[in-house]
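The values are calculated or read from the model by the stated rules, or taken from the named source; none is laboratory data. This is a predicted model, so every value here is computed, not measured. Cβ coordinates were reconstructed from backbone atoms using ideal geometry, including for glycine residues, and neighbour counts include every protein chain displayed.
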Amino acid sequence: MITPVLRHVCSFTVQLDPIMEMGPGRAGHRRIIPIVGGEVTGPAIRGRVLNLGADWQTIFADGVAHLDTRYAMETHDGAVIEIVNVGFRHGPADVMARVAAGEPVDGTEYYMRTSARLETGDARYDWVNRTVFVSAGMRRADAVEIDLFAVE
């Protein structure tokens, strides 16, 4: 069998509006974090995050956050790529309290990993439609930083 390797595709700085609290849901505490822009830099894709989309989170009783985002970017050369990112964020209670307070916390102090699906109709980026992606990220006070990798 082939052992998959990761290839860095790009890094996102995703700008966020304030959290919209929904309150308790069937599976846990629900909230929405609007995605309002950002920057994409990297060896394979670069451009800007568009002012649309959100992270629809569920915070389970044990403090684990289920991340469920949908947003889009425009590449430097005009292609529009949809991004659906699903995963988890969790860590020690004291670390997650600092993250929630908007304090700067190194991403190595907690777990924030997702699997991503990218889709476009632009032939120049057709390869994203048939590639598996994973990411590692960290939360800032008003942004999320994400490194996106292709699984090869």
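Of all residues being closer than 18 Å to ALA116 by Cα and of a type in the set (Asp, Glu) in region 52-97, which is surrounded by the most Cβ atoms within 10 Å (Cβ to Cβ)? Just the residue, please. Top of the filtered list is ASP55.
Kindly list, by first and then second residue, each pair from a residue in region 75-88 that is touching a residue at least 12 places away in the same chain (Cβ under 8 Å) and outside any strand (DSSP E or B) to a residue that is of a type outside the set (Lys, Arg) and surrounded by fewer than 18 Cβ atoms within 10 Å (Cβ to Cβ), limited to pairs with Cβ atoms under 7 Å and residues at least 6 apart or on different chains. Cβ pairs passing all conditions: ALA79/ASP122.
Every residue, every condition in (1) closer than 18 Å to GLN57 by Cα; (2) within 9 Å of the chain's Cα centre (by Cα); (3) exposed (fewer than 13 other Cβ atoms within 10 Å of the Cβ), yes or no:
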{"residue": "ARG117", "(1), (2), (3)": "yes, no, no"}
{"residue": "THR120", "(1), (2), (3)": "no, no, no"}
{"residue": "ARG124", "(1), (2), (3)": "no, no, yes"}
{"residue": "ARG130", "(1), (2), (3)": "no, no, yes"}
{"residue": "ARG139", "(1), (2), (3)": "yes, no, no"}
{"residue": "ASP147", "(1), (2), (3)": "no, yes, no"}
{"residue": "VAL151", "(1), (2), (3)": "no, no, yes"}
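Of the strands (runs of 3 or more DSSP E) lying entirely inside region 92-152, those carrying at least 3 residues that are within 27 Å of PRO43 (Cβ to Cβ) and not hydrophobic (A, V, I, L, M, F, W, C) are 111-119, 133-139. Per the conditions (1) at pLDDT 95 or above; (2) in a strand (DSSP E or B); (3) not basic (Lys, Arg), the sole criterion not satisfied by LEU52 is (1).
Scanning region 38-51 for residues that are β-branched (Val, Ile, Thr) and either loosely packed, with under 14 Cβ neighbours inside 10 Å or closer than 16 Å to GLN15 by Cα (or both) yields VAL40, THR41, VAL49.
Within region 49-64, the presence of a residue that is in contact with a Phe, Trp or Tyr (Cβ under 7 Å, 6 or more places away or on another chain) and of a type in the set (D, E, K, R) is excluded.
Of the residues examined, THR58 is one that is of a type in the set (Ser, Thr, Tyr) and either assigned to a loop (DSSP other than H, G, I, E, B) or out of contact with any Asp or Glu (no Cβ under 6 Å at 6 or more places or on another chain) (or both).
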